[in-house]
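The values are calculated or read from the model by the stated rules, or taken from the named source; none is laboratory data. Worth saying up front: this structure is predicted, and the values here are computed from it rather than measured. Heads up, the Cβs are rebuilt from the backbone with ideal geometry, glycines too, and the neighbour counts pull from every protein chain shown. Keep in mind that these areas ignore ligands, DNA and RNA; they rest on the heavy atoms of the full protein, side chains included. Shrake-Rupley method; radii C 1.70, N 1.55, O 1.52, S 1.80 Å.
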Amino acid sequence: MQTIGFAAHSASSNLAPFNFTRRAPRPNDVVMEILYCGVCHSDLHWAHNDWGWTTFPAVPGHEIVGRVIEVGAAVTKHQIGDHVAVGCMVDSCQHCDQCQKGEEQLCREGSTGTYGGTDRITKDMTYGGYSKHLVVREEFVLRMPDGLDISKAAPLLCAGITTWSPLRTWKVGPGSRVGVIGLGGLGHMAVKLAAGLGAHVTVVSRTADKAADAKALGAAGMLLSTDANAMTDAANAFDLIIDTVPIKHDLQPYLPLLDVDGTLVIVGQVGPMAELSTVPLLMGRRRIAGSPIGGIRETQEMLDFCAENNILPEVEMIRMDEINAAFARMEKSDVRYRFVVDMASLQA
Ligand SMILES: [Zn+2]
Ligand SMILES: [Zn+2]
């Protein structure tokens, strides 16, 4: 089918309208009209070729909410008219041990990215959610629960699941002490979701300018990482720290904040990090871990949890043709806390 999107044609060009073809639906495919798409930092990095492996034209977008307009003959989970969502993956091998466990993001053969991935059958590059339509196999299409505001929910599909998954992996619940480093798109969801699970949440930040926001989002308070006395007083104060900082930084100051057996989990794609002393790791049996998005089952669990507990991202709605200005603002961290594109603004 013919559709329209917004694409970058080179690392230095602005995103611009782009006409392209979506594949004809296979028997197990769902065809959706995209209604909203969140704007993730990865979209910006992909469009600008910051990781060095972008193939152009690049159509970003992996926080996708829409409505089913067609289903293949073998589709059983979704019907025409359903509100549905797609996150960062559109396919995986479906037979390895990780896929069998519902951890498709850890597929032994590699999951297929929603954009910049390679379709497992046609070998074509995948195009993301900055577009009017999407065709995805039904196993990777999430159900939008009733009661979740679809105009705000899109960022749950990346920022939400990326922070939800470590909260579940490390069994956060009532009584857990959770620190969140960085209060951006991911950080603000980490605060809301951890607080929703009953944890005592503290935002760890270099500046105090978001202290009021942190409390409004559900944090008990803020720890200033630039305040040496406060950092000393906060020794052993956390069971889990979620580190959402998306650029190279020093983990050393944060490790003493973990209690014995505590874990600092990195959820941003950073690359090489600053040098590290093992002393605080050994002395507190502390761990540093990483965590990438989450599986499909866990993503559905998160969406259902957010509907039941009325948890939604803080969003600023933009038109598709405002995306280049939005990217520029994101590079200055000038968004509270996620842009969402209203796809009705994208006309054929
Ligand atoms: Zn993302
Ligand atoms: Zn697999």
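Assorted remarks:
- Label-to-label distance for PHE56 and ASN28 is 3.6 nm, based on points extended 7 Å past Cα in the beta-carbon direction.
- Working note: 222 nm ellipticity from helices only, DSSP H runs with n ≥ 4, each -39,500 (n - 2.57), summed and divided by the residues of the chain, gives -6000 deg cm²/dmol to the nearest 500.
- Between the listed residues ASN19, HIS48, GLY116, the Cα displaced farthest toward the positive end of the dipole of segment 1-156, a dipole computed from Cβ unit charges relative to the Cα centre, is found at ASN19.
- Taking label points 7 Å from Cα along the Cα-to-Cβ direction, ASP261 and GLN94 give a separation of 4.0 nm.
- For the peptides 140-153, 105-118, residues were scored by their other Cβ atoms within 10 Å and the scores averaged per peptide; the highest-first order is 105-118, 140-153.
- Among 92-100, 275-283, the order from most to least packed when residues are scored by Cβ within 10 Å on average: 92-100, 275-283
- Most fluctuating residue given options PRO57, PRO17, PRO27, as computed from a GNM of the chain linking Cα atoms under 10 Å: PRO27
- A simple charge model with +1 on the Cβ of Lys and Arg, -1 on the Cβ of Asp and Glu and nothing else charged puts the dipole of segment 152-310 at about 140 debye relative to its Cα centre.
- Cα-based helix-to-principal-axis angle, 296-309 vs the chain, degrees rounded to 10: 70
- Within segment 92-119: backbone nitrogen closer than 18 Å to the ASP304 label point (7 Å, Cα to C-beta): 101-104
- Axis of helix 185-196 versus longest Cα principal axis of the chain: the two differ by about 70°, to the nearest ten degrees.
- Accessible surface of segment 263-304 [probe 1.4 Å, protein heavy atoms]: carbon and sulfur percent: 58
- Residue-span extension gain [LYS101 to ALA274] - 0.36 nm each, minus C-alpha spacing: 58.9 nm
- Over segment 96-184, relative contact order from alpha-carbon pairs under 8 Å, at least 6 apart, %: 11
- Straight-distance candidates among the lysines for linking to LYS123, with alpha-carbon spacing under 24 Å and chain neighbours fewer than 8 residues away dropped: LYS132.
- Peptides 41-51, 293-303 ordered by average Cβ neighbours within 10 Å, highest first: 293-303, 41-51
- The relative contact order of segment 50-123 comes to 27 percent, based on Cα pairs under 8 Å that sit 6 or more residues apart.
- Global geometry of the chain, whether rounded, prolate or oblate, following the gyration tensor of its Cα atoms and the 1.5 cut on a/c: prolate
- Shape class of segment 147-214 from the Cα gyration tensor (axes a ≥ b ≥ c, square roots of the eigenvalues): oblate, since a/c reaches 1.5 or more and a/b does not exceed b/c.
- Rough spin-label spacing in nm, given labels placed 7 Å along Cα→Cβ, for ASP119 and LEU282: 5.4
- Short-range pairs are left out: with C-alpha atoms under 8 Å and at least six residues apart, the relative contact order of the chain is 18 percent.
- Per residue value of the accessible surface for the chain (all protein chains in place, 1.4 Å probe), Å²: 43
- Sulfur and carbon atoms: percent of accessible area, segment 1-96 [1.4 Å]: 53
- Taking 0.36 nm per residue of separation and subtracting the Cα-Cα distance, full extension of the segment from SER345 to THR21 would add 114.7 nm.
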